[in-house]
1. Quick check on H228: is it buried (at least 20 other Cβ atoms within 10 Å of the Cβ) and closer than 20 Å to L263 by Cα?
2. Which residues, taken from the range 285-305, are surrounded by fewer than 18 Cβ atoms within 10 Å (Cβ to Cβ) and under 21 Å from R359 (Cβ atoms)?
3. Among helices (runs of 4 or more DSSP H) lying entirely in the range 291-352, which contain 1 or more residues that are closer than 21 Å to W399 by Cα?
4. Please find, within the range 401-440, the residue that is surrounded by the most Cβ atoms within 10 Å (Cβ to Cβ) out of those that are small (G, A, S) and not in a strand (DSSP E or B).
5. Test of understanding: among P326, P322, which residue is within 16 Å of the ligand (Cβ to nearest atom) and surrounded by fewer than 22 Cβ atoms within 10 Å (Cβ to Cβ)?
6. Report, ordered by the first and then the second residue, all pairs with beta carbons closer than 6 Å, sequence separation of six or more or different chains, a first member in the range 267-284 that is open to solvent by 10 Å² or more (accessible area, probe 1.4 Å), and a second member that is in a loop (DSSP other than H, G, I, E, B) and near the ligand (Cβ under 10 Å from one of its atoms).
7. Could you list, in sequence order, the residues of the range 158-177 that are open to solvent by 50 Å² or more (accessible area, probe 1.4 Å) and of a type in the set (A, V, I, L, M)?
8. Restricting to the range 171-194, and then to whatever is assigned to a loop (DSSP other than H, G, I, E, B) and away from the ligand (no atom under 16 Å from the Cβ), can you tell me which residue is farthest from the chain's Cα centre (by Cα)?
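The values are calculated or read from the model by the stated rules, or taken from the named source; none is laboratory data. Predicted model, so just to flag it, every value in this text is computed and none were measured. Ideal geometry is used to build each Cβ from the backbone, glycine not excepted, and the neighbour counts take in all protein chains shown. For the accessible areas, the whole protein counts, side chains as well, though only heavy atoms, and no ligand, DNA or RNA atoms are used. Shrake-Rupley method; radii C 1.70, N 1.55, O 1.52, S 1.80 Å.
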Amino acid sequence: MPSDLLIRNAELVVPEGDPWVGDVLLRDGRIAQIGQHLPLEGVARVIDAEGHTLMPGVIDPQVHFREPGREHKEDLQTGSWACARGGVTSFLEMPNTDPPTIDQRALDDKLARAASKCVVNYGFFIGATADNLKELQRVQGACGIKIFMGSQHGPLLVDDPLVLERIFAETDPNFVIAVHAEDHARIQARRALFAGRTDVAVHSLIQDEEAALIASRRALDLATRYRHRLHILHLSTGLEVELLRQHKPAWVSAEVTPQHLLLSTADYARLGSLVQMNPPLRDAANLAQLWQGLQEGILDCIATDHAPHTLQEKAQPYPHSPSGMPGVETALPLMLTAAQQGRCSLHQVVQWMCEAPARLYGIPNKGRLQVGYDADLVLVDRRTPKPVRREELLTKCGWSPFEGWELVGWPLLTIVGGQIVFQNGQVDPSVRGQALTFLR
Ligand code: DOR
């Protein structure tokens, strides 16, 4: 039985040069051929993609899928379905589950769960605690070490400078340390300062720009001193962009989320705690500096920080409302809409959302529309605007801060390892993704 799949007449976003219209042949889970008028003989399935754009599948390097422990918000199955709908063919998931992913056993448990139910490819972080250095040193199969320097409770909070230093000093310097950079002490002090204020806009004042800068600077200093690979997660301020503009060693990278690029503190008035997240939204001047940082290459990639909470949980009054918002279904259309508006190019979107995450985490053979690469692809419609609709969302939390936004670039077809996982608005739940590998 031939398993080949031929996608014809698509606008192809290839790594070098302008996109061009052509055909792509997929065989045995790989991109076998790219060209014009490829022969149809022996091909099991042909898809005419005329008028649409074929690009590598998105690699989302920061999601929270809540399994195990908080599956009422999301689980690995629903999270992966939402990925398929959003054109995300691989994700890296964070350790703040219950139990937290802080040892080999918890990591292996997540990998086994994912193998049984994820329709896209997956990788998992191991979380640092005050006393799991040995686990961080010997763990196998994790994409990186996640450190919450602030805005976290329980074992995953690492705010002791000595513990932090030992993690940088005594783990493999090529193993990515990904930091949530917000200074815990400053946040605590400012929480006391603003005690009594219950409007959610105060969130951006409590967890202010300085709190982010202090933590990013500390992580950058340690990474510089120990020549340790460092990735600064969801960077949110112009101050941090400037910090990295002054000094960014080759082994340091940074990411930004679509919500930090597109939503601001002005949105609290409309959306309240739905847009409460950590690090918080900033003002318009910061947004402009984040875009500038992306354009200059100071910020390397885009992650969604998909962090679902139910509407009921979000409805609690601040500060009891939880931080975080979903994102895997909207990130690619948001960025392709930004490209259509001239804020960036199509090629940059592919660099930031596909190529860069693969490079930064050492994921071989992914992130490029190129012969020999894995057949993880997404075909998008860049011409037809369509609103974000709550009833179409597949994330279990069932809402989006972008509801009503008219976006282009919605996925028509998502392919994982040569298998069609999303088409005609439907996920094929029988498809299985694979565990990603990470080269150091
Ligand atoms: O807003 C956030 N929510 N930021 C994080 O870093 C964690 C996340 C969550 O897990 O809800």
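1. Judged against the criteria, H228 is not a match.
2. Listed by number, the residues that qualify are Q295, E296, G297.
3. Values: elements: 311-314, 331-340, 346-350.
Answer list for the range 291-352: 311-314, 331-340.
4. G409
5. Details: P326 fails: surrounded by fewer than 22 Cβ atoms within 10 Å (Cβ to Cβ).
After ruling out the rest, the residue left standing is P322.
6. Short answer, once both residue conditions are applied: N278/S151; N278/S323.
7. Answer for the range 158-177, where residues must be open to solvent by 50 Å² or more (accessible area, probe 1.4 Å) and of a type in the set (A, V, I, L, M): just L162.
8. So the first thing to find is which residues in the range 171-194 are assigned to a loop (DSSP other than H, G, I, E, B), and the list is 171-176, 181-183, 194.
This time we only want the ones that are away from the ligand (no atom under 16 Å from the Cβ), so: 171-176, 194.
On the way: T171: 24, D172: 24, P173: 23, N174: 21, F175: 19, V176: 15, F194: 32 Å.
Once the filter is applied, the top-ranked residue is F194.
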